[in-house]
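*Asks:* Here you go, one structure.
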Amino acid sequence: MRKETVLLIARHFWMNTFKTRAIYPLMTIIFGLLCFSAYTGWTNYEKQSEIRSHYQHEARESWESNPDKHPHRMAHFGTFAFRQKYPLSMFDSGIESFTGNAVFLEAHKQNSVNFSEASLSTGLLRFGEFSMAMILQTVFPLIIFFLGFSAVSADRENGTLKIILTQGARWKEILMGKTLGLMALALLCLAPVGLLMLYFLIAEGGDVEGLWPRFFVLGLVYGMFFMLLSMVTIAVSTSSGKSKNALIKLLAIWLLLVVLLPRSSQALGSYFFPSPSKVEFQSVIEEEVIQKGDSHNPNDPFFKQLKDSVLNAHQVSSVEELPFNYGGFVMAQGEKNSSIIYNNHLNELMQIYKKQNSISELTAVINPYMAVKNLSMALSGTDFDAYVDFQDQAEKYRYELAQKMNELQMEYISPAKVSGSDGKSHVVGKENWSEMPDFHHRFFSFGKAVKNELLSLISLVLWCLAAVWYISYLSKKAKSV
């Protein structure tokens with residue numbers, strides 16, 4: 001294959017495309033959409049990051065401003081954990097707008113993550129968020145198909161293909177040249193997105209861990225996606241007798257891969273692996289906690305037995321004689337029991353969700369669109385795994401906070417009874433509140449994000465290699481008439 005001939009055909013394809021007047025309004029609309037989505041993504045990221053940081057700070061101030069108080073009352077006073085937005089979420093919002101971003105943390109109770117952007121906005125968001133990723137994944141395939149559907153078939157119809165072949169060009173050079181020209185057009189549209197993202201990330205400081213590897217791998221993923229789309233377009237155009245047939249085939253491919261398969265896989269996942277409702281999930285946990293033992297009920301059989309064993313272990317006849325506050329000990333044990341029960345049920349629920357998602361993940365093997373979508377969300381920090389990671393971090397912090405308050409109660413609250421609920425011996429100093437560190441949401445590492453979507457990455461690479469092989473195979477079978 002001669003490099004000069006490939007470049008000549010690519011340049012010829014490029015020049016012919018720009019001779020068509022329709023390309024200019026099309027490119028203008030695409031550039032406009034990308035610039036608009038980049039600006040709205042950036043402003044939304046700035047606004048949401050500021051709001052979440054502000055209220056995280058407010059929650060901390062509210063926690064530390066409490067006066068001297070009983071530690072268990074502080075455990076019920078609780079605090080909030082806010083999920084921080086990853087900078088690349090301005091490119092791909094993923095499922096973040098539909099999951100919550102804040103959770104109230106208190107003793108004995110694991111609250112769900114609430115305040116999603118979808119629940120606080122108009123119903124229009126439920127039709128899908130307008131983002132750069134959405135345009136590149138959904139609209140760009142159509143643009144590439146429209147630009148390249150007649151790349152070979154039109155030359156065959158008007159006889160130009162015969163002339164090119166008689167002038168010494170080989171089929172492989174023609175197909176690779178057309179693919180290169182079409183891909184260059186796609187990258188021409190991708191370049192402004194990359195530059196805009198680069199500008200916004202640098203303006204943000206760009207000091208988030210793993211940001212730049214994610215950014216460059218994200219660019220590589222979309223570059224591979226456009227290369228694959230270009231080769232598919234040229235292959236369909238080559239194997240079709242007429243241009244209109246090529247266009248119909250490409251539209252059918254887009255409909256199948258972008259619309260039908262993704263939605264079918266989601267529906268199949270919910271059908272084969274049904275998940276309980278929120279009410280059912282919470283009811284089962286509450287029933288199991290009650291069966292295990294109520295730490296607030298002094299006559300509860302489990303805690304009565306626990307009390308007897310503790311008294312025997314310390315050789316005393318009443319809890320007032322213990323060297324620590326027995327109430328704090330009971331609360332710590334109750335917190336431990338309820339957390340184990342909750343985590344067991346939550347793990348079961350997460351397994352159901354993972355099974356549901358596994359259907360969509362497996363379709364990445366047969367659908368490169370799903371592979372790109374999964375990789376894009378994972379690298380942007382807006383996929384399901386990133387949400388679960390935040391939920392785990394919040395629950396871990398809630399448990400540590402509750403147990404810290406129980407430790408304070410055991411250590412500083414007098415085990416002797418004092419009449420009245422506001423006795424001074426039943427409170428601890430407010431300086432203890434600031435000793436509990438604030439909640440800080442940590443982002444997924446780059447390696448973990450790639451590892452979670454390794455199947456999608458391998459699938460995309462194999463699809464590209466298969467497309468290169470098919471173009472080579474087609475060059476031996478293609479006909480000029």
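The values are calculated or read from the model by the stated rules, or taken from the named source; none is laboratory data. Computed from a predicted structure; not experimentally measured. Using ideal geometry, Cβ is built from the backbone for each residue, glycine included, and neighbour counts are taken over all protein chains shown. Heavy atoms of the whole protein, side chains included, go into the accessibility calculation; ligands, DNA and RNA do not. Shrake-Rupley method; radii C 1.70, N 1.55, O 1.52, S 1.80 Å.
*Asks:* Tally time: how many residues in the range 107-153 are at pLDDT 85 or above and either open to solvent by less than 30 Å² (accessible area, probe 1.4 Å) or more than 30 Å from CYS189 (Cβ to Cβ) (or both)? Quick ask: steps written out before the conclusion?
*Replies:* So the first thing to find is which residues in the range 107-153 are at pLDDT 85 or above, and the list is 107, 131-153.
Of the ones still in play, those that are also either open to solvent by less than 30 Å² (accessible area, probe 1.4 Å) or more than 30 Å from CYS189 (Cβ to Cβ) (or both) are 107, 131-133, 135-137, 140-141, 143-145, 148, 151-153.
The total comes to 16.
*Asks:* Looking at LEU218, LEU187, which one is in contact (Cβ under 8 Å) with a residue 12 or more places away in the chain and open to solvent by 40 Å² or more (accessible area, probe 1.4 Å)? So that I can check it myself, show each step before the final result.
*Replies:* Numbers: LEU218 fails: open to solvent by 40 Å² or more (accessible area, probe 1.4 Å).
Criteria check complete, one pass: LEU187.
*Asks:* Separate question: Tell me which of these ARG83 doesn't satisfy, since it passes every other one: (1) farther than 30 Å from SER414 by Cα; (2) more than 20 Å from the chain's Cα centre (by Cα); (3) of a type in the set (D, E, K, R).
*Replies:* (2)
*Asks:* Go through (1) touching a helix residue (DSSP H, G or I) at 6+ places or on another chain (Cβ under 8 Å); (2) modelled with pLDDT under 85 one by one and return the number of the condition LYS304 breaks.
*Replies:* Only one criterion is unmet by LYS304, namely (1).
*Asks:* Go over the candidates MET331, MET405 one by one and state the one that is aliphatic (A, V, I, L, M) and modelled with pLDDT of 90 or more. Show your work before the answer.
*Replies:* Working: MET331 fails: modelled with pLDDT of 90 or more.
Answer to the selection: MET405.
*Asks:* Restricted to the range 367-389, and to residues that are surrounded by fewer than 23 Cβ atoms within 10 Å (Cβ to Cβ) and of a type in the set (A, V, I, L, M, F, W, C), which residue is nearest to the chain's Cα centre (by Cα)?
*Replies:* PHE384
*Asks:* Is it the case that TYR470 is at pLDDT 90 or above and out of contact with any Phe, Trp or Tyr (no Cβ under 8 Å at 6 or more places or on another chain)? Give the derivation first.
*Replies:* On the way: at pLDDT 90 or above: yes; out of contact with any Phe, Trp or Tyr (no Cβ under 8 Å at 6 or more places or on another chain): yes.
In short, yes.
*Asks:* Checking the condition outside any helix (DSSP H, G or I) and either surrounded by 18 or more Cβ atoms within 10 Å (Cβ to Cβ) or charged (D, E, K, R) (or both), which residue from GLU209, GLU287 passes?
*Replies:* Values: GLU287 fails: outside any helix (DSSP H, G or I).
Criteria check complete, one pass: GLU209.
*Asks:* Just the residues that are of a type outside the set (A, V, I, L, M, F, W, C) and surrounded by 24 or more Cβ atoms within 10 Å (Cβ to Cβ), please, taken from the range 223-237.
*Replies:* Taking the range 223-237 and keeping what is of a type outside the set (A, V, I, L, M, F, W, C), we get 223, 230, 233, 237.
Across the range 223-237, the qualifying residues are SER230, THR233, SER237.
*Asks:* Would you say ILE248 is in a helix (DSSP H, G or I) and more than 25 Å from ILE144 (Cα to Cα)?
*Replies:* Details: in a helix (DSSP H, G or I): yes; more than 25 Å from ILE144 (Cα to Cα): no.
Criteria not met by ILE248.
*Asks:* Okay, moving on. Give the number of residues within the range 132-165 that are of a type in the set (A, V, I, L, M, F, W, C), under 41 Å from the mean Cα position of the chain (by Cα) and farther than 18 Å from LYS19 by Cβ. Write out each step before concluding.
*Replies:* As a first pass, look at the range 132-165 and keep what is of a type in the set (A, V, I, L, M, F, W, C): 132-136, 139-140, 142-147, 149, 151-152, 154, 161, 163-165.
With the extra rule that they be under 41 Å from the mean Cα position of the chain (by Cα), the set shrinks to 132-136, 139-140, 142-147, 149, 151-152.
Retained after the next criterion (residues that are farther than 18 Å from LYS19 by Cβ): 132-136, 139-140, 142, 144-145.
Counting residues in the range 132-165 that are of a type in the set (A, V, I, L, M, F, W, C), under 41 Å from the mean Cα position of the chain (by Cα) and farther than 18 Å from LYS19 by Cβ gives 10.
*Asks:* Could you check how many residues of the range 32-67 are surrounded by 14 or more Cβ atoms within 10 Å (Cβ to Cβ), under 22 Å from ALA133 (Cα atoms) and not aliphatic (A, V, I, L, M)?
*Replies:* Counting residues in the range 32-67 that are surrounded by 14 or more Cβ atoms within 10 Å (Cβ to Cβ), under 22 Å from ALA133 (Cα atoms) and not aliphatic (A, V, I, L, M) gives 10.
*Asks:* Any idea which of (1) modelled with pLDDT under 85; (2) loosely packed, with under 14 Cβ neighbours inside 10 Å is the one PRO192 doesn't satisfy?
*Replies:* (2)
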